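Asks: Here it is, the structure, as structure tokens.
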Amino acid sequence: MRVRGGNPRLRRLLRHRRRAMAVGLAMTAAALAASVPREADRPQARAAVAEPAQEPRSGERVSAPVRIADAGAAGLLRPGDRVDVIAAEGTPSGGAKPRVVAAGARVSEVPGPGQGPAESGALVVFSVPRDTAARLAGAGASARLAVTLR
């Protein structure tokens, strides 16, 4: 028994599915090949020429690891906190006046407790401008550092 009617083009397409698939894949490959940039369109690679080193800008932010004298106060800090770092030189009865070394320094990392004795303080990493990092390093070498939360 044979059903009459229907679309002869549809029957022909179903018989030639492999050919239709091959034509579609060939057209896709041609479109992809045309969209790939040619060697002339690509930017030329620079020759390996030694460029003079640029001086770092003073406003550039760097990470500055600093040992805070009070480990308990450093334990209160979390990454993202803003603090003022204060240096106190000498003994409290010696008359040395504390000074603010870094105002608004951002805490970037608070490593876990170190291997040293508890009275040596705790390490805190601040993200500060390069010139402030130099002041922090100098103050940390000669004074005890403390932080105040903002």
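The values are calculated or read from the model by the stated rules, or taken from the named source; none is laboratory data. Only a predicted model underlies this, so the values are computations on that prediction, with no experimental measurement involved. Neighbour counts are summed over all protein chains in view; Cβ atoms, including those assigned to glycine, are modelled from backbone coordinates with ideal geometry.
Asks: Filter the range 126-136 for residues that are hydrophobic (A, V, I, L, M, F, W, C) and assigned to a helix (DSSP H, G or I); which is surrounded by the fewest Cβ atoms within 10 Å (Cβ to Cβ)?
Replies: Checked the range 126-136; the qualifying residue surrounded by the fewest Cβ atoms within 10 Å (Cβ to Cβ) is A134.
Asks: Taking interchain pairs and intrachain pairs at least six residues apart, which have beta carbon atoms under 8 angstrom, with the first residue in the range 48-71 and within 19 Å of R106 (Cβ to Cβ) and the second modelled with pLDDT under 90 and among the polar types (S, T, N, Q)?
Replies: So the pair list comes out as R67/S120.
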